[in-house]
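Reviewing the structure listed below.
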C-alpha cells in the first residue's frame with residue numbers, strides 16, 4: 001500500500017480499492033503537479049504537516065477529490081416508504097410527545113436528508129415533530145446542500161411530483177423551499193473522529209447507506225460501532241443492499257422489511273408492523289424477450305452474452321432460473337414474485353436484483369435502474385447488469401454514463 005492510500009485509510013477509512021487505486025494515483029499526481037512536487041514522499045510530508053496552514057489546506061483538497069458524492073432525490077424509494085410506515089405504525093403510537101430523531105450519514109449534497117423531510121411532510125407529520133441531522137466529511141458537498149439549489153442530475157426517474165410541491169425554478173436549477181430546508185441541520189464531521197457526534201441524543205432512524213462499501217473490514221467494524229452507539233434501542237438502521245450482511249455480522253438483526261435493507265440492534269428487535277407495498281403494475285400482454293440479443297454489440301467483434309459457467313445451478317439458484325424463464329415468457333408478475341421470495345429467504349442477491357430490473361425494464365418502469373444498481377452494489381462485475389445499465393442510460397439520453405457502463409462491461413468480458 002502506498003503512503004497516500006494508507007493515510008486515507010487511517011484518517012477517513014477509505015479503502016483505495018473501492019474507488020480504484022489508479023484513480024487515487026491520478027488525483028495525487030495532479031495535486032503534486034499543481035504544487036510543483038516531484039516525489040511522493042514530499043507530498044506525504046506535506047499532508048502529515050496538518051499543523052501548518054498549507055498542509056491542512058492540501059489535506060482538504062485531497063479529501064474533496066477522492067470522496068464519492070453521487071446521489072439524487074429519493075434514491076431507492078423502498079427505504080423511504082418503509083420509513084413512513086414505521087413512523088406511522090410504530091413510532092408515533094409510542095411517542096405522543098417529543099421529536100422523532102433522524103440521522104443521514106453521509107449526507108453528501110443533501111438529497112437524502114431533504115428526501116427524508118419531504119417524505120415525512122407528505123405523510124402529514126408536522127416539522128415540529130421531527131429533527132434531521134445530516135453529516136458529511138466534505139465541506140463542498142455540505143455547501144451545496146445548504147444552498148439548496150439542484151440541477152437535473154438530482155432528479156432521476158419518473159416519480160418527480162415532489163419537485164412541483166417543494167421546489168421553485170431558479171436560473172441554475174431548482175431551488176428547494178425553505179419549509180424543507182429548515183427541517184435539516186447539516187454538520188461536518190468524520191465518523192472516525194473520537195468525539196463523533198458525542199453528547200447527542202440517540203436517533204430513532206439512521207440512514208447510513210453505501211458508506212461501508214468504501215471501507216475495509218477494520219474500518220467497517222469501527223464505523224458500525226459508532227452507528228450502534230448512536231441508534232436508539234428500538235431504532236432502525238437503513239444500509240445499502242450490499243451492507244446488510246455486514247451490519248448483521250456486527251450486532252444488528254434484519255428488521256424484516258422487504259427491499260428496505262433495514263435492521264435493528266440485536267437483542268432489542270421487535271417485529272415491525274407490516275409495511276404496505278403498492279401492487280406492481282399489470283404486465284403488458286406482449287413484451288420483448290428480456291435477454292439481450294446475442295448480436296447486441298459491446299465492441300467491434302464482441303458478443304453481448306457472456307459464456308455461462310459449466311455445471312448445473314445450485315439449489316438456491318433454481319428459483320431464479322425459473323423466474324428467468326417466466327420473465328422471458330412475459331409472465332412478469334410471477335417472475336417478480338419468485339425473485340422477491342428468493343430475496344426474503346436468501347437475503348441480497350445480485351442475480352435476483354438483476355432479474356427484478358429486467359422485469360421493471362420490460363414494463364418501462366424507471367425503478368429498473370435502481371435494481372440494476374443494487375445488483376452492481378453486490379457484484380460490481382455483474383456483466384448483464386452492466387450491459388443493461390448501459391442500454392438504459394443510452395435510451396434515457398445519458399450517453400456519458402452509458403459509455404462508462406459499456407467500458408466496464410467490456411473489461412469484465414475480457415477477463416479470463
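Taken together, the values in this text are just the output of simple stated rules run on the coordinates, not laboratory data. The model shown is predicted, which means the values in this text are computed figures rather than measured ones. Neighbour counts run over all protein chains shown; Cβ positions are idealised from the backbone, glycine included.
From the square roots a ≥ b ≥ c of the eigenvalues of the alpha-carbon gyration tensor of the stretch 196-247, which class results: rounded (a/c under 1.5), prolate (a/b over b/c), or oblate? Walk me through the intermediate numbers first.
Details: a/c = 2.28, a/b = 1.44, b/c = 1.59.
Since a/c reaches 1.5 but b/c is at least a/b, the shape of the stretch 196-247 is classed as oblate.
With an 8 Å Cα cut-off and a minimum separation of 6 or more residues, compute the relative contact order for the stretch 77-265 in percent. Each step should come with its number before you reach the end.
Details: 287 pairs, mean separation 40.9, N = 189.
Computed over the stretch 77-265, the figure is 22 percent.
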message: Need the full-extension length gain, residue 17 to residue 34, defined as separation in residues times 0.36 nm minus the C-alpha distance. One decimal, nm.
response: 3.7 nm
field: Footprinting exposure proxy for 384, 10 (fewest neighbouring C-beta atoms within 10 Å first)
entry: 10, 384
task: Take every Cα pair under 8 Å in the stretch 41-177 that's 6+ residues apart, average their separations, divide by the length, and report that relative contact order as a whole percent.
output: 23 percent
field: Mean residue ellipticity (222 nm) of the chain, computed from DSSP H runs ≥ 4 via -39,500 (n - 2.57), nearest 500
entry: -14000 deg cm²/dmol
- request: Could you grab the relative contact order for the stretch 315-414? Cα pairs under 8 Å, six or more apart, rounded to a whole percent.
  value: 17 percent
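Pop the C-beta distance of residue 172 and residue 146 into the FRET formula with R0 = 22 Å and round what comes out to the nearest 0.05.
Plugging the Cβ-Cβ distance into 1/(1 + (r/R0)^6) gives 0.90.
Under 1.5 on a/c is rounded, so check that first for the stretch 3-66, then, if it is not, pick prolate when a/b is larger than b/c and oblate when it is not; a ≥ b ≥ c are the square roots of the alpha carbon gyration tensor eigenvalues.
Details: a/c = 1.78, a/b = 1.27, b/c = 1.40.
The shape class here is oblate.
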- request: Give the shape of the chain as rounded, prolate or oblate, defined through the alpha-carbon gyration tensor: a ≥ b ≥ c are the square roots of its eigenvalues, a/c under 1.5 means rounded, and otherwise the shape is prolate if a/b is larger than b/c and oblate if not.
  value: oblate
field: Pair residue 124, residue 41: separation of 7 Å Cα→Cβ label points (nm)
entry: 7.0 nm
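Quick check on the exposure proxy: order 63, 236, 137 from fewest to most C-beta atoms within 10 angstrom. Mind showing how you got there, number by number?
Working: 63 18, 236 28, 137 23.
Exposure proxy ranking, most exposed first: 63, 137, 236.
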query: Which distance in nm do the two modelled labels at residue 57 and residue 396 give, with both placed 7 Å along the Cα-to-Cβ direction?
result: 3.9 nm
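Determine, for 77, 6, the number of other Cβ atoms within 10 Å of each Cβ, and report the residues in order from fewest to most. Spell out each step's value before the answer.
On the way: 77 17, 6 12.
Result, fewest neighbours first: 6, 77.
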